[in-house]
1. Residues Glu188, Glu201, Glu215, Glu232: which one is in contact with a Ser or Thr (Cβ under 6 Å, 6 or more places away or on another chain) and of a type in the set (Asp, Glu)?
2. Failed condition for Arg44, given (1) in a strand (DSSP E or B); (2) within 24 Å of Ile221 (Cα to Cα), with all others met?
3. If you check Pro81 against the conditions, is it touching a residue at least 24 places away in the same chain (Cβ under 8 Å), of a type outside the set (A, V, I, L, M) and open to solvent by 60 Å² or more (accessible area, probe 1.4 Å)?
4. Whether any residue in region 267-288 is open to solvent by 50 Å² or more (accessible area, probe 1.4 Å), on the phi < 0 side of the Ramachandran plot and in contact with a helix residue (DSSP H, G or I) (Cβ under 7 Å, 6 or more places away or on another chain) is what I want to check.
5. Scan region 328-349 for residues that are within 14 Å of Ser305 (Cα to Cα) and open to solvent by less than 20 Å² (accessible area, probe 1.4 Å) and jot them down.
6. Which condition number does Ile321 fail, the rest of (1) buried (at least 24 other Cβ atoms within 10 Å of the Cβ); (2) under 27 Å from Asn434 (Cβ atoms); (3) hydrophobic (A, V, I, L, M, F, W, C) being met?
7. Go through (1) open to solvent by 10 Å² or more (accessible area, probe 1.4 Å); (2) in contact (Cβ under 8 Å) with a residue 40 or more places away in the chain for Glu60 and report which single condition fails.
8. When you check Tyr306 against the structure, is it of a type in the set (Phe, Trp, Tyr), at pLDDT 90 or above, open to solvent by 20 Å² or more (accessible area, probe 1.4 Å) and within 18 Å of the chain's Cα centre (by Cα), yes or no?
Amino acid sequence: MCGIVGAIAHRDVIPLLLTGLQRLEYRGYDSAGVAVRSADGALRRFRSLGKVAALKGLVEQSDVTGELGIAHTRWATHGVPAERNAHPHVSGVRVAVVHNGIIENHVALRDQLIAKGYVFTSETDTEVIAHLMADKLESGVDLLTAVVEAAAELDGAYALAAASPEDANRIIVTRAGSPLVIGIGEGENFIASDVTALLSETSRFVFLEEGDVAEVRRDGITIFDAQGATVERPLKVSRLAGGSIEKGPYAHYMLKEIYEQPGVIAETLEGRIHHGRLLEASFGHETSALLDRTRHVQIIACGTSYHAGLVARYWLEEIGIPCSVEVASEYRYRRVVVPEGSLLLTISQSGETADTLAALRGSKGYIGSLTVCNVPESSLVRESDVCFMTRAGTEIGVASTKAFTTQLVALRLLMIALARRKGLTVAQEAAMVNELHGLPRQVEVVLNLDDAIQIMAEHFSDKQNALFLGRGPFYPVAMEGALKLKEISYIHAEAYPAGELKHGPLALVDESMPVVCALPDDPLLEKVLSNLQEVRARGGELFLFSDQKIKIQLDRFQSLTLSDIFPGTAPIVYSIPMQLLAYHVAVIKGTDVDQPRNLAKSVTVE
């Protein structure tokens with residue numbers, strides 16, 4: 001969601017602040033702003049609605065430079081998208097603040113500050129923080145103390161950074177519930193909500209923990225924990241590369257990331273399978289003991305990661321492991337009965353998904369926690385007992401593609417590890433591992449259907465609704481396909497189990513309703529074909545992705561054949577054409593593919 005960038009250096013920091021904001025554009029936002037302590041010691045602020053490019057143009061029209069500054073991209077929560085609500089927020093000329101998260105007691109604090117004479121110019125909860133800090137400064141304390149005392153009065157989640165023109169030598173930051181990282185340079189230091197923003201400047205990072213407050217200077221940093229004691233946090237060297245967030249020859253990040261899937265799937269498998277065997281030690285030394293005790297798996301996730309969990313439930317229950325899957329935002333607010341021997345499995349691309357993280361933090365009664373995640377420095381990874389890293393690399397497009405398929409690969413490997421404990425034979429394991437070994441090549445073959453899928457997509461150009469069908473593990477694949485289409489093309493799309501058509505959805509089917517379905521050659525094939533006959537009898541047009549062995553005797557349909565698909569990994573392979581279909585429909589409709597309206601890449605607020 002919102003993005004924070006800050007820097008203190010012996011050079012003009014405005015260009016790197018703007019570059020950092022541009023690198024965070026993938027998170028989703030509606031406005032942007034920057035505030036610097038200018039060369040004459042004044043606080044100068046620039047804000048604009050829309051893209052960072054608009055802010056950049058505004059700044060370039062001025063002659064302002066500064067060696068200390070903070071910047072922000074905002075995704076509206078309190079207050080409509082408008083320049084007055086954009087960050088940084090200031091209180092007079094004393095302090096500027098940028099903030100990610102939600103302050104739940106902002107109304108009460110606003111009333112108190114108004115009674116003291118502070119004037120509010122926005123509807124945001126963040127402006128409350130700026131005035132609260134200014135009020136502390138007015139009492140005579142320094143900026144560090146003002147931040148600490150103000151934070152003590154805040155209820156909710158936040159990562160925030162404060163700068164004052166009266167303090168030329170430091171930026172003060174703190175976090176509780178939202179991520180914040182410090183980038184370590186040579187004679188200069190940086191802050192951000194995401195390492196991606198700083199990869200052009202440094203690969204060395206310090207990750208703040210819950211309740212930490214940090215003083216960021218040119219020559220170093222000092223970190224205080226929630227109790228006010230000085231602490232050391234480990235220095236991490238990021239494995240992400242700056243070039244991984246460039247589009248290269250592709251028109252959109254989403255298309256690039258779709259085409260990266262053979263490589264990132266192979267990378268996720270690297271070092272984890274060998275000579276027909278799963279190398280369980282590659283999961284980490286604590287994992288085996290945890291899996292030995294696992295009798296039930298509770299999966300918690302949101303969005304696309306939730307769909308990955310639904311596929312995994314089919315896989316786990318095939319081997320006799322009971323599995324429950326729940327949306328994190330629902331799970332965290334209800335009384336939960338935890339079966340004996342339950343493993344809590346969280347899934348998240350970013351590792352900062354607010355509801356999933358809250359579910360982990362509030363969980364009780366589990367034998368342990370395991371996360372499947374793509375960001376090694378994330379909160380979920382740091383706070384889980386065991387982590388299984390996907391290796392998708394930075395995913396910029398809001399509509400997840402390569403993160404989803406690598407999650408499925410990781411979950412398939414986890415299933416094999418648990419299957420060993422349920423009597424999996426060496427021959428059965430070898431067959432499963434060989435399917436995974438052949439997966440990158442199968443995805444490459446499917447990507448060759450891109451031109452044909454682009455032609456198929458033209459039939460959706462005037463559609464307002466679409467229906468996706470599937471059975472078994474292909475029902476969550478249909479859910480993911482519908483999500484992709486609605487996210488980026490703004491076509492209302494819903495997914496149903498094919499067997500549920502007669503229980504309501506069939507009433508929607510007419511000649512204007514496209515119906516998309518995956519048709520793998522599995523035991524449910526004939527039943528799905530019967531369901532599709534019901535669609536055709538009502539005039540619906542079918543768009544099918546099928547196995548080459550299937551002979552379809554239907555009229556008014558379009559079908560593309562996926563060759564030589566292994567049954568165990570078929571849900572992964574069938575996800576690819578759904579991604580391409582959504583992409584090409586969005587391009588035809590002219591929407592913003594990588595940054596669809598109203599959506600954010602990393603949902604770090606509730």
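1. Details: Glu188 fails: in contact with a Ser or Thr (Cβ under 6 Å, 6 or more places away or on another chain); Glu201 fails: in contact with a Ser or Thr (Cβ under 6 Å, 6 or more places away or on another chain); Glu232 fails: in contact with a Ser or Thr (Cβ under 6 Å, 6 or more places away or on another chain).
Checking each option against the conditions leaves just Glu215.
2. With respect to (1) in a strand (DSSP E or B); (2) within 24 Å of Ile221 (Cα to Cα), Arg44 is out only on (2).
3. Values: touching a residue at least 24 places away in the same chain (Cβ under 8 Å): yes; of a type outside the set (A, V, I, L, M): yes; open to solvent by 60 Å² or more (accessible area, probe 1.4 Å): yes.
Criteria met by Pro81.
4. yes
5. The first filter runs over region 328-349 and keeps only residues within 14 Å of Ser305 (Cα to Cα), leaving 328-329, 345-349.
Once the filter is applied, which keeps residues that are within 14 Å of Ser305 (Cα to Cα) and open to solvent by less than 20 Å² (accessible area, probe 1.4 Å), region 328-349 yields Ala328, Leu345, Thr346, Ile347, Ser348.
6. (1)
7. The failed condition is (2).
8. Details: of a type in the set (Phe, Trp, Tyr): yes; at pLDDT 90 or above: yes; open to solvent by 20 Å² or more (accessible area, probe 1.4 Å): yes; within 18 Å of the chain's Cα centre (by Cα): yes.
Against the criterion (of a type in the set (Phe, Trp, Tyr), at pLDDT 90 or above, open to solvent by 20 Å² or more (accessible area, probe 1.4 Å) and within 18 Å of the chain's Cα centre (by Cα)), Tyr306 qualifies.
The values are calculated or read from the model by the stated rules, or taken from the named source; none is laboratory data. Note that the structure is predicted; figures quoted are calculated from it, not measured. Every residue, glycine among them, receives a Cβ derived from its backbone with ideal geometry; neighbour counts consider all protein chains shown. Areas reflect the complete protein model, heavy atoms only, side chains present, ligands, DNA and RNA absent. Shrake-Rupley method; radii C 1.70, N 1.55, O 1.52, S 1.80 Å.
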